[in-house]
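S.K.: I have a structure I would like to understand better, so I am pasting it below and will then ask my questions one at a time.
The values are calculated or read from the model by the stated rules, or taken from the named source; none is laboratory data. Model, not experiment: these values are computed from the prediction. Positions of Cβ are generated from backbone atoms using ideal geometry, with glycine treated the same way; all protein chains shown enter the neighbour counts. Quick note on the areas: whole protein, heavy atoms, side chains included, nothing else; ligands and nucleic acids left out. Shrake-Rupley method; radii C 1.70, N 1.55, O 1.52, S 1.80 Å.
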Amino acid sequence: MVVCDFDMIFRFVVVGWEGTTHDSRVLTETIRNPQHNFSMPPSGFMTPYRNMCYWLSDFRSGGKAVEKEEIFNQCHARLRNVIERAFGVVKARFPILKRMTPYSFTTQIKIVLACFSIHNFLRQISVADILFFEYDNEVELESDNANQNQNSTKSSLFATFDQEFMQQFRDQIANELFQVFS
């Protein structure tokens, strides 16, 4: 599990899960384990509106986002796109991450952490790097897994959040975005 900023710098990395582990389990365990020192967002997690355009390709082929919910979803998708681009750079630079060779589990964890550390170092020193240049442009990297995750059920962790508050907060942001982009 990773968190990255808008400059594609990874700010939080937890490794050690098999690739087949569901995202919600990794998130739940990361939050529950105090050793990870994960900072929960103060207002929880905001999800996109259901049954509305979400993927950037929906907006490219279907025109401009008009309704407040569509504008929110478009902004949400653009934020999600940053993490996809950051992973694209890391995977392109370090092909070993695509197919980990048969090293011990401990060594595999060290390799992954080293790759993310080198990525961050290169990004922070502003090296004129072709991969960063290519992925700095808005590249859409939607996968079948991303589409499947959109339809997955929410974990019990999310049920503990005050859904009414989150709905009102999301609506407020959507209204403000609507005023800015209309």
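S.K.: Please go through segment 6-25 and pick out each residue that is exposed (fewer than 12 other Cβ atoms within 10 Å of the Cβ) and either assigned to a loop (DSSP other than H, G, I, E, B) or β-branched (Val, Ile, Thr) (or both).
M.R.: Listed by number, the residues that qualify are Phe6, Glu18, Gly19, Thr20.
S.K.: Continuing with this model, one more query. Among the residues in segment 26-33, are any in a loop (DSSP other than H, G, I, E, B), farther than 23 Å from Gln172 by Cα, touching a residue at least 24 places away in the same chain (Cβ under 8 Å) and out of contact with any His (no Cβ under 8 Å at 6 or more places or on another chain)?
M.R.: no
S.K.: Does segment 64-73 hold any residues that are open to solvent by less than 40 Å² (accessible area, probe 1.4 Å) and free of Cβ contacts under 8 Å to residues at least 60 places away in the same chain, and which are they?
M.R.: Narrowing segment 64-73 to residues open to solvent by less than 40 Å² (accessible area, probe 1.4 Å): 65, 70-73.
Listed by number, the residues that qualify are Glu70, Asn73.
S.K.: Identify, please: which residue in segment 110-136 is open to solvent by 50 Å² or more (accessible area, probe 1.4 Å) and of a type in the set (Gly, Ala, Ser) and is, among those, nearest to Val3 (Cα to Cα)?
M.R.: Ser117
S.K.: I'd like to verify a number: residues in segment 85-103 that are open to solvent by 40 Å² or more (accessible area, probe 1.4 Å), at pLDDT 90 or above and out of contact with any helix residue (DSSP H, G or I) (no Cβ under 6 Å at 6 or more places or on another chain), how many?
M.R.: 3
S.K.: Could you please give the count of residues in segment 120-129 that are modelled with pLDDT under 85 and either part of a helix (DSSP H, G or I) or under 14 Å from Ile9 (Cβ atoms) (or both)? Steps first, answer last, please.
M.R.: We begin by selecting, within segment 120-129, every residue modelled with pLDDT under 85; these are 126-129.
From what is left, the residues that are either part of a helix (DSSP H, G or I) or under 14 Å from Ile9 (Cβ atoms) (or both) are 126-127, 129.
The qualifying residues number 3.
S.K.: Looking only at segment 37-77, count how many residues are of a type in the set (A, V, I, L, M), within 24 Å of Arg11 (Cβ to Cβ) and not in a helix (DSSP H, G or I). Full working, then the answer.
M.R.: Step one: list which residues in segment 37-77 are of a type in the set (A, V, I, L, M), which gives 40, 46, 52, 56, 65-66, 71, 77.
After this cut, where a residue has to be within 24 Å of Arg11 (Cβ to Cβ) as well, the list is 40, 46, 56, 77.
Keeping just the survivors that are not in a helix (DSSP H, G or I) gives 40, 46.
Selection size over segment 37-77: 2.
S.K.: Scan segment 40-62 for residues that are surrounded by 10 or more Cβ atoms within 10 Å (Cβ to Cβ), small (Gly, Ala, Ser) and without any contact (Cβ under 8 Å) to a residue 24 or more places away in the chain and report the count.
M.R.: So the count comes out to 1.
S.K.: Write out, first by first residue and then by second, each pair whose Cβ atoms fall under 7 Å of each other, whose residues are 6+ apart or on separate chains, and whose first residue, in segment 86-109, is closer than 19 Å to Val3 by Cα while the second is open to solvent by 60 Å² or more (accessible area, probe 1.4 Å).
M.R.: That search, which allows pairs on different chains as well, returns Lys91/Lys98; Leu97/Lys91.
S.K.: A follow-up question, please. So for segment 71-85 (the condition being more than 14 Å from the chain's Cα centre (by Cα) and charged (D, E, K, R)), does at least one residue qualify?
M.R.: no
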